[in-house]
Amino acid sequence: MQSETSSKKDISFEDFKAQVLEDYKTAVTSRECSLLGRREVLTGKAKFGIFGDGKEVPQLAWAKVFKNGDFRSGYYRDQTFMMAIGALTIEQFFASLYATSNIEDEPMSAGRQMGGHFATHSLQEDGTWKNLTQQKNSSSDISPTAGQMPRLLGLAQASKIYRHVEGIDAKKFSDKGNEVAWGTIGNASTSEGLFWETINAAGVLQVPMVMNVWDDEYGISVHARHQTTKENISEILQGFQRDEDENNGYEILRVNGWDYPALIETYERASKIARESHIPVLIHVQQLTQPQGHSTSGSHERYKSEERLQWEREQDCNVKMREWMISSNIATDEELQEMEKAIKKQVRDGKKAAWENHGNPVRKKQQEILPILEKVAEGSSNKAFILQLRKDLAQNREPLKKDLLSTARKALRYIIGEENSEKATLVDWINTFSEETQRQYSSHLYSESQHNTLNIAGVEPTYDADAKEVDGRVVLRENFDRIFETRPETLIFGEDTGEIGDVNQGLEGLQQKYGELRISDTGIREATILGQGIGMAMRGLRPIAEIQYLDYILYALQIMSDDLATLQYRTAGKQKAPLIVRTRGHRLEGIWHSGSQMGGLLHLLRGIHILVPRNMTKAAGFYNTLLEGDEPGLIVESLNGYRLKEKLPNNLGEFRTPIGVVETLKEGTDITLVSYGSTLRIVEQAAKELQEVGIDAEVIDVQSLLPFDLNEDIVKSVGKTNRLLVIDEDVPGGASAYILQKILENQDAWKHLDSKPQTLTAKEHRPAYGTDGDYFSKPSAEDIFEKVYAIMHESNPAQYPQLK
Ligand SMILES: Cc1ncc(C[n+]2csc(CCOP(=O)(O)OP(=O)(O)O)c2C)c(N)n1
Ligand SMILES: [Mg+2]
């Protein structure tokens, strides 16, 4: 543990005083927001509140050293910091509490996230990057504790890449890698595995990450003695401390959260070490408090002793800062009282303005629908009922959008079957209002910019007349080679990805060619591999995060689901992370080497493209497509395809497999067989065998599960064959059920069916090891043959007599 050294700046006492007063103003403003915020929840105007009270003072010190280009990845206690860097006003604070749903008034998430989830805007209106070096940046928060950690690693690593990799156009993203990524976490959340994984990885990578632990001894009601060995996170992290002769490791600093001058020195020191030397720093900020308890959901009097509560009142960082200001002759008690009074009023006014602003658009709409309801009532036999609805709505002085729409929809029911001249007006109002409002809650699950991946047209691979037949992995490698050669902002990392060029040698020799920063080995830590990718993609790089096997993506799934998949949505299109996740899966052997948990992924990863190429040329084409776009995608390469021969295209790096487009591999008239990935090879085999008994199956490769068959080609096939079987190696009701739902419900294929639509999947259990394990766990060519034959038998027993 190093103690803080003095780094006094040469400024006059007057300047110093003015700065301190400004800081104190921010601290008090933030506190008043917390106090009033809680009241707004308790009186029912807002649903839930979690605030930054008790954590104000360290955030003032942090904000002072937070420079343009820096990034924050933090949690719900950081409102004071956001205010101090000028990224959160009083009005915005309350707008977010009220869930105001437009991005201009509620820039954190357009009302989609609970209050206390902060963000700045990295993207322009059209979805392209702003210049991130000219603003202070906060990556958008998520609620799962420690979920901010993996991304923080990537945000810090980006600086290292920008500092050392040549040729990248860094104008909008970095000034020679001089940016620090700052994390915050509560003491209790350091119990999460993600915290430890990130801490270790940042130490290994030596990246400019400063980790703040806000320590208030509690995690909701649970005391540090249940959370942390020795109840002290910086003490148990001592092994990470760098020493004199060995630069690897961390600088670990400890400071009390109420000690303003010590905090300022500590943060200056941390910033310098991380920024200049790219050494990670951990600041353990101790003795913080929770003046109002954890959140509006409970009261801390239930679990804190009177002694502790008294201590918290005395140690309150704002109270201590105030005492210090008076004792240091920075201000008198009277001056501060006056300031505090003025701030109270300012916060009250801001709150009022935010509430007015929140309600005004709805009241405007209310004035629109009321006269329509009146006219509808005039011509209706249910006049009295409609007028009653109208009256209830008219009397509501603070209506929600829900109240307006629900009233209008109920009124419409009263005029079913009536010749009502105003019906069209009412229907029109309902439709327009629903559409506009729905967008406020449902836009931007994917990118809506012109670079969204769906706008990227496919390009066929082309071949020399004497094109070589090579192992599939060579097609991938040659394509990656072209990618890294032409796009300096790309990089790939994962377990065994670097030196040996991945376990299947799809990157063979590329580390030697492009260096260890771009083609790199990582520790075995899937969640933070993902986090590296998310953070770097948020800073303009084009990372490819490799998860060695599909089975192990479960370790990274939480972060993919909670962070990556929600990013565009939760910022209403103001941040993006166009990360490509590379993995390989299906059809090897054994419980943890043959998984195909595609249904699970499809359920949890809406917001990410999920691509399942059947061979390596298709896979390579997907990398090329995703790199042209600005969205995240997951590519699952077929494990048993690396050694199968494919022709080597001559337009490497340029051919593109289109997203959301299926491919018909074999035309047929009797039944449509839909599948994807490795299973297709078996389906094709079965289709050949079926042909021998006179059954002509059409075989379709889905290729892209998310998005799914955008041209609705499968229903066209079913229209021709009138029969449908979906085959995959997921569990029953997994991805096959998703595919069936798309075809039956979205594409209306039920209209064309002459037989029951069916699925053929693997067993409920995980696939057993060995050839027999595979045969008895997953669909075989015989299973497919017999299933199809049974369908044909049922439809025409004379032509297809009973098989067994
Ligand atoms: C993964 C996860 N588990 C549980 C929760 C519920 N939860 C929210 S905050 C919190 C306590 C966090 O305590 P700490 O990290 O010390 O932060 P503090 O609120 O004390 O600042 C818990 C358990 C959550 N948000 N995410
Ligand atoms: Mg805590």
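In this rough spin-label picture, where each label sits 7 Å from Cα along the Cβ direction, the Ser143-Glu764 distance is 3.2 nm. For the chain, rounded, prolate or oblate, judged on the Cα gyration tensor with a ≥ b ≥ c (square roots of eigenvalues), a/c < 1.5 rounded, else prolate if a/b > b/c? Oblate shape, in that a/c is at least 1.5 and b/c is the bigger or equal ratio. Cα axis of helix 423-442 to longest principal axis of the chain: angle in degrees, 0 to 90, nearest 10? That helix lies at roughly 70 degrees to the long axis.
Note: relative contact order over the range 335-417, using C-alpha pairs below 8 Å and six or more positions apart, is 30 percent. Each residue, Gln685 and Asp392, gets one label point 7 Å from its Cα in the Cβ direction; the gap between the two is 6.4 nm. Under 18 Å from a point 7 Å along the Cα-to-Cβ line of His593: which residues of the range 636-671 have their amide N that close? Hits in the range 636-671 for His593 at 18 Å: 637-644. The stretch between Phe13 and Asn796, if pulled fully straight at 0.36 nm per residue, gains 272.2 nm over its current Cα-Cα span. Rounded, prolate or oblate: which fits the range 102-195 when a ≥ b ≥ c are the square roots of the eigenvalues of the alpha-carbon gyration tensor, with rounded for a/c under 1.5 and prolate only if a/b beats b/c? Because a/c hits 1.5 or more and a/b fails to exceed b/c, the range 102-195 counts as oblate.
Counted residue by residue at 0.36 nm each, then reduced by the alpha carbon distance between them, the extension gain from Glu499 to Arg439 reaches 16.9 nm.
Loop-located trypsin sites (Lys or Arg not before Pro) in the range 379-477 (DSSP state other than H, G, I, E, B) with a sparse environment of at most 14 neighbouring Cβ atoms within 10 Å: Arg397, Lys468. Axis of helix 401-414 versus longest Cα principal axis of the chain: the two differ by about 50°, to the nearest ten degrees. Starting from the Cα gyration tensor of the range 717-804, take the square roots of the eigenvalues, sort them a ≥ b ≥ c, and report rounded, prolate or oblate (rounded when a/c is under 1.5, otherwise prolate if a/b is larger than b/c, else oblate). Oblate shape, in that a/c is at least 1.5 and b/c is the bigger or equal ratio.
Going by average Cβ density within 10 Å per residue, which order do the peptides 641-648, 122-129 take, highest to lowest? Don't skip to the answer; put the middle values down first.
Numbers: 641-648: 17.5, 122-129: 15.2.
Output ranking for 641-648, 122-129: 641-648, 122-129.
Extension gain for Asn431-Val319 works out to 34.9 nm (0.36 nm per residue, less the C-alpha to C-alpha distance).
Using a Förster distance of 22 angstrom, determine the FRET efficiency expected from the C-beta separation of Ser780 and Asp696, and round it to 0.05. List each step's numbers first, then the result.
Details: r = 21 Å, r/R0 = 0.96.
The value I calculate is 0.55.
Each Lys or Arg adds one and each Asp or Glu takes one away; over the other residues whose Cβ falls under 15 Å from the Cβ of His765, this sums to -4. Taking a sphere under 11 Å around the Cβ of Ser109 and counting the other residues whose Cβ falls inside, with K and R at +1 and D and E at -1, yields a net charge of +1.
Using Cβ contacts closer than 10 Å as the measure, can you line up Asp466, Asp243 from fewest to most?
Details: Asp466 5, Asp243 8.
Starting with the residue having the fewest Cβ neighbours, the order is Asp466, Asp243.
Once backbone amide H atoms are built at 1.01 Å from N, Trp182 has Phe71, Arg72, Ser73, Val210 as its partners under 5 Å, excluding neighbours fewer than 5 places away on the same chain. Based on the Cβ-Cβ distance from Asn232 to Glu628, what FRET efficiency comes out when R0 is 45 Å, to the nearest 0.05? For Asn232 and Glu628, the calculated efficiency is 0.35.
Mean separation of Cα pairs under 8 Å and 6+ residues apart, divided by the residue count of the chain: what relative contact order is that in percent?
This gives 11 percent for the chain.
Each of the peptides 451-461, 565-575 was scored by the mean count of other Cβ atoms within 10 Å over its residues; in descending order, highest first, they stand as 565-575, 451-461. If the cut-off is a Cα-Cα distance under 18 Å, which aspartates and glutamates reach Lys401, setting aside same-chain residues fewer than 8 apart in sequence? Cross-link targets: Asp105, Glu106, Glu356, Glu368, Asp392, Asp428, Glu435, Glu436. Note on Glu745 and Leu42: their simple-model spin labels are 4.4 nm apart, each label 7 Å out from Cα toward Cβ.
Relative contact order for the range 176-255 using alpha-carbon pairs under 8 Å, separation at least 6, rounded to a whole percent? After rounding, I find 31 percent. Would you please give the FRET efficiency between Asp243 and Glu22, computed as 1/(1 + (r/R0)^6) with r the Cβ-Cβ distance and R0 = 30 Å, to the nearest 0.05? Given R0 = 30 Å and the Cβ-Cβ separation, E is 0.20.
Compared with the dominant principal axis of the Cα atoms in the chain, helix 56-65 is inclined by about 80°.
Just in the range 222-256: which GluC sites (Glu not before Pro) are loop by DSSP and have at most 15 other Cβ atoms within 10 Å?
Glu244, Glu246
None of the figures in this text is laboratory data; all of them are computed from the coordinates on show. From a predicted model like this one, the values you see are computed outputs, not experimental measurements. Glycine also receives a Cβ, built like all others from the backbone with ideal geometry; neighbour counts cover every protein chain displayed.
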